[in-house]
Amino acid sequence: MSPWLIILSLGSAAVLLAGALTKKFWPAFFGLSAVATVGISVLAPSYRWWLPGGAQSPMGTEIDDLFYMILIITTVTYIAVHVVLITALIKFSGKPGVKASFSHGSHALEVVWTIVPAAILLFISLYQIDVWMRFRNFATFNRHSRENPVAEVTARQFEWRIRYPAPGKKLMQKPQPDDLYTVNDLHVPFGEPVVIQLRSEDVLHSFFLPHLRIKQDAVPGAIIPVQFQANFEGEQELVCAELCGWGHYKMRGQLTAQRKSEFDKYLRDLQARQSDDGVSGGRAAAVVTQATPKAENHP
Amino acid sequence: MNRSRQFFGTVAVLVGVALCGGCAKSPEPKFVLAKSTEEIVPVRIGDEKTAVNPVEAALHENFGTPNSLVAWELFPLDYGKAEDDLDHPERGTEGWKLLHGRNLYMQHCVHCHGTSGDGAGPTAKFLNPRPRDYRLGKFKFKSTAGAIRPSREDLRTTLEHGIPGTSMPSFVLLKDDLEPIIEYVRFLSMRGEYEFRLYKGIQGILGRKVLAKGGSVPAEAPEEARAEFNDGWKDTLEQVSTDLAEAWTTADAPESIINPREATILDDAKVLADPKPRGSVKFSGETLPADRRVKLDHKEGQYWAVKSLKDEELGFVHHESLEARTGIDPKTGKPTEKSLKRGRELYYSQAVACFKCHGYGGRGDGPSTEDFWEVGNDSPLFQYAGQKYEVRGLHDDWDNHLEPRNLIRGVYRGGRRPIDLYRKVFAGINGAKMPGFSTSLTNDSDLWDLVNFVTTLPYDQSILQGPLPDPSVQPPAAPVNPQASN
């Protein structure tokens, strides 16, 4: 335990004790909890209890903007409510000799605190609709990547099984003889939108790329297309974000974003490895000579 | 009044939190003894005053406990020599790799495979198929021939890819940590097999009766009998440990790996031309020693007399084209029609008889799955060898109910590369009922035809259609619905 935490705990205890002794325990309690909540939120990033760095995808940046906007609205509301609450607790607490008065409420006040939050909620729902649509609506995806999904990712207790189409071919819904398979190791070209087909073999899982702010449930029986664009070159985490069984904690994978040329080479190497028949000049050699990279039309 | 209620409330909450936290200490992990070992009655070994279970004593002395492992130099294990590595100060201790492997095993593997590698961890009973019990020294998915132990590379492949169709996940992201885990799995397998083999050794010395509880106790046996036991025991200990060390050393030898046979020796081949030796040849899967390595000219489709470098006649070689040998059309990279046809012929033949287990339709529901099978000599239930299992269907060497693979699903537990499937057809699957066909099908192209047939099945079931090659092989008639025939 760091000395700061000890000092803070002792300080909080002292505030509560002082509150109790001056018959202001509840104002002290709620005041302290509000200060602690705001304080922890401000300190959290420096303890790495916050988002894992800046968003590394365009969609992620927009989702972060939405997140911060909602955070600001709720923070302002939270502080305002606490100011009112503590003021009321101090001002209207019981005093010896003063008889409490009964109020039936204020109609105007009720109308105001119903309409204001409703307006805020309506604003948020309208404001986010565009991002939500582009994240969820298949029709809005980039046409080229929509028609050429890079891989099929099948979640399974407790791993991610990945199926790529053979180089130069399209991903089919049914497995093909020349499909390429890996586990927990998803490679995609970086800097362009890619689409994966998400499936589940057993229970609910959730495909979560925390650094890209992409999260999508995998549902048994459904094929769900997910679009994302990695704005980095290198490796990032892929985790399961839905409690899927006892091994949920270890259901981790790795997303590797690489240059298009390197990605193509990765697939060709994978293909050569997978068609290894141990015969010199056999299938593996045939595959290498066939898979000459073709010029692809990019939109 | 109000103040005291507040006070007691706070105390109650604190006590509740403390109770939830608890103060229990988890029990110390220990290696569990096999049931057979527990049956052994204590014996006085050498000049010892007290009688001990000899197998338990030998295990403890040579392998230790999970918390204090013993590194026995005799075995081909990389225990981890102390290193002067500033980046990894934890590698400074002798045996760091085994310790590190143990820690990782306890974190990632133990809940299925168990502390002693007996495949009986806490989650094991919920899994189908059951996690592997390493103690028999048998591993199904490997590149080595027959009963040879898996190489380190084989264990790595299983860890990296997982086993699709089972609960074994992939650990590919552990990267550098895989090596220590592999060593620890080998350690556990050696320990387990050592235990079973010692039991069989002691059975050989003492006979069955003395092992049973309530039998005569050798501790009280006459002096000569004890001396006889001690001699036999000493030999057994030495024999078993050297055997095991050798078996695991062989596993990593390059000769143990199955590679496709490069050419086929034909007994009745004719010499068509004067051989001009060039290139090397493998005979029936065995690589010849360097001084007998032969050379031949790469002329396809002809028979060549093969001579060793010492000019000694070895036999004849039919050097086929790549297409004829592997049944793959070099232009498309796909199996030729001829190869698929031959594969089907073999599938339904009486000699190879794949259909008996894998079924007439390739769905793993052949007639063998309807039979009652006998307990084998090598199974953990070897005491009951010869008796029949209570459950219909095949059983593996671990006594688990075994379903022949459904070939239509396209899920390959031992890997989906053509070479993986070739090895399965060549050598069978150790511990399971799948036999190898390396001796019955001496022509390599037959093995490849089977591989091609099996790899095509998931995508094209029409290759099953057609008249059956052997009239004695007939699928059972479709059950007649009595109501329909009415």
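Projecting the Cα positions of A:GLY221, A:GLN274, A:PRO165 onto the charge dipole of chain A (unit charges on Cβ atoms of Lys, Arg, Asp and Glu, taken about the Cα centre) puts A:GLY221 furthest along the positive direction.
Computed packing ranks the peptides B:366-378, A:226-238 as A:226-238, B:366-378, most packed first, by mean other Cβ atoms within 10 Å. With a 10 Å cut-off around each Cβ of A:11-24, the average count of Cβ atoms from other chains is 0. Output the pairs from A:LYS174/B:LYS138; B:LYS138/B:LYS356; A:LYS260/B:LYS424; B:LYS175/B:LYS334; A:LYS169/B:LYS341; A:LYS170/B:LYS331 with a Cα-Cα distance over 26 Å in this structure; if there are none, say none. With Cα atoms farther than 26 Å apart: A:LYS174/B:LYS138; A:LYS260/B:LYS424; B:LYS175/B:LYS334; A:LYS169/B:LYS341. Computed over the range A:143-276, relative contact order equals 27 percent, with contacts defined as Cα pairs under 8 Å that lie 6+ residues apart. For chain A, the mean residue ellipticity at 222 nm estimated from helices alone is -15000 deg cm²/dmol, where every DSSP H run of n ≥ 4 contributes -39500 (n - 2.57) and the total is divided by all residues, rounded to the nearest 500. Counting only DSSP beta bridges whose two residues both lie in the range A:143-276, roughly 70 percent are antiparallel.
At a cut-off of 10 Å², which residues of the range B:414-431 become less accessible once all protein chains are present than in their chain alone, using a 1.4 Å probe? When all protein chains are present, B:ARG416, B:ARG417, B:PRO418, B:ILE419 each give up 10 Å² or more of accessible surface.
What total accessible area, in Å², is buried where chains A and B meet, using a 1.4 Å probe and rounding to the nearest 100?
Counting protein atoms only, the buried area is about 2600 Å².
Among the protein heavy atoms, those of B:MET168 account for about 40 Å² of accessible surface (1.4 Å probe, every chain in place). For the range A:138-187, heavy-atom accessible area (probe 1.4 Å) falls by no less than 40 Å² from the chain alone to the full protein assembly at A:ARG156, A:ARG161, A:PRO177, A:TYR181, A:VAL183, A:ASN184.
The share of accessible area on the range A:143-276 that comes from carbon and sulfur is 49 percent, using a 1.4 angstrom probe. Among A:SER57, A:SER46, A:SER200, the residue with the largest mean-square fluctuation in a Gaussian network model of chain A, with springs joining Cα atoms closer than 10 Å, is A:SER46.
The values are calculated or read from the model by the stated rules, or taken from the named source; none is laboratory data. Just so it is clear, the model here is predicted, and its values are computed rather than measured. In this analysis, Cβ positions are derived from the backbone assuming ideal geometry, glycine residues included, and neighbour counts consider all displayed protein chains. Side chains are part of the model used for accessible areas, which takes the heavy atoms of the whole protein and leaves out ligands, DNA and RNA. Shrake-Rupley method; radii C 1.70, N 1.55, O 1.52, S 1.80 Å.
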